[in-house]
1. About the Cα centre of segment 134-184, what is the dipole size in debye to 20, counting +1 per Lys and Arg Cβ and -1 per Asp and Glu Cβ, all else neutral?
2. Stick to Cα atoms and the Kirkwood definition of Rh, then tell me Rg/Rh for segment 202-253.
3. Return the percentage of antiparallel bridges among DSSP beta bridges fully within the chain, rounded to the nearest 5 %.
4. Using only the alpha-carbon atoms, what does the chain span along each of its principal axes? Please give whole angstrom values in decreasing order.
5. For a paramagnetic label modelled at 7 Å from the Cα of Ala170 toward its Cβ, which residues of segment 97-139 fall within the zone defined by backbone nitrogen distances under 20 Å?
6. Taking K and R as +1 and D and E as -1, what net charge do the other residues with C-beta under 12 Å from the C-beta of Ser192 add up to?
7. Full-extension gain between Gln154 and Leu67, please, as 0.36 nm times their residue separation minus the C-alpha to C-alpha distance.
8. Along the charge dipole of the chain, Cβ charges K/R +1 and D/E -1, which of Ala62, Ser73, Val90 sits furthest on the positive end?
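Coordinate-derived values only; no laboratory data. What you see is a predicted model; the values in this text were computed from it and never measured. Backbone-built Cβ (ideal geometry, glycine too); neighbour counts: all protein chains shown.
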Amino acid sequence: MTIEIDGSWGEGGGQTARTAVGLACALGKKIAVIDIRRGRKQQGLKAQHLAGIRLAAEMCDAESSGLEVGSTSIELTPRSNVGGRFEIDVGTAGSVSLVLQTCMIPAILAKGPVTLLIRGGTDVPWAPPIDYLRMIMLPLLQRMGAEVDVAVIQRGFYPSGGGEIRVDVAPSGRLNGADLSSRGKLVELRGSLACRNLPEHVMERVKNYAIKELAGTMTPKMTEDFGRGPSTGVSLVLAACFENTVMGSSCLGVKGLPAEKVGEKAARDLKEDISSEGALDEYAADQVIPFAFLAEGTTRFRTVELSSHAKTNLWVAQQLVKRKVTVQEERRSTMVTIE
């Protein structure tokens with residue numbers, strides 16, 4: 001039986017197809033996704049959407065059709081998910097994080113180890129920086145039983161790209177539900193600052209203004225990645241590590257944005273999350289949903305506000321996995337239960 005997914009539902013972006021394909025490959029279910037990005041100015045799959053879908057299809061030895069740039073409908077029939085080594089080049093600055101979001105879903109439930117080599121942009125607009133996945137998402141998935149390691153081989157900034165990551169996933173057999181409804185005490189703040197082909201004082205200004213903005217909270221333990229590379233840019237990811245969870249923020253340097261503002265914005269966003277009643281930031285709440293649907297047992301998480309992306313992910317996941325979902329709007333947060 002083919003499960004048909006309306007790619008224009010809700011937020012209506014490429015994430016609908018990416019989440020559907022990731023879950024279908026993990027579960028071995030045949031799917032058809034129609035009307036992909038129908039409401040967008042440029043309809044159909046873009047290169048970075050397509051890269052993740054193609055790689056997931058290859059990982060699961062899937063029969064497929066419609067996998068091309070601009071396609072508004074695809075079909076996919078997974079045949080096996082035994083693990084192995086796979087690689088793909090998204091091209092220029094296409095986001096490696098978006099590719100990994102799709103492929104990590106089946107990779108975690110593969111029968112054997114999975115190694116992924118993905119080339120493209122590691123720090124680009126409109127996508128989570130690779131350090132956000134490393135610092136926030138991986139600890140959350142580890143709580144659910146996943147064993148994933150992400151190594152940055154080369155940084156790739158927008159628009160030139162040229163980045164590369166290596167991802168190693170150990171077979172976990174299953175995922176377990178997690179209780180992310182309360183966060184506990186704040187343990188420490190962490191930061192990852194990456195800079196390529198810019199004077200060192202640019203990186204120092206980003207760091208100093210982030211620390212200044214966080215004064216009165218806690219001084220972050222900062223990791224600095226400075227050097228030369230195929231592309232030019234600066235990126236800061238911050239993480240607030242609590243007893244029970246991790247919340248994060250990020251800011252990417254772009255033309256016209258002073259280095260001071262990069263540090264200030266990332267720090268200000270993190271301060272807002274710390275002062276909230278949420279246990280997951282907006283982006284983690286979105287990204288954890290497919291894994292919660294695959295987990296055995298109940299997953300609960302509290303976030304400040306459920307984004308349109310997260311609501312779309314909930315809907316897509318429900319088309320492939322029958323789970324009871326409760327969304328409870330509270331005064332200063334939203335509780336989501338997937339059981």
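1. Rounded to the nearest 20 debye, it is 140 debye.
2. Expressed as Rg/Rh, it is 1.00.
3. Looking only at bridges with both residues in the chain, the antiparallel portion is about 70 percent.
4. Principal extents (Cα only, largest first): 57, 45, 40 Å.
5. 104-117, 134-139
6. Result for the neighbourhood of Ser192: +1.
7. 28.5 nm
8. Of the options given, the answer is Ser73.
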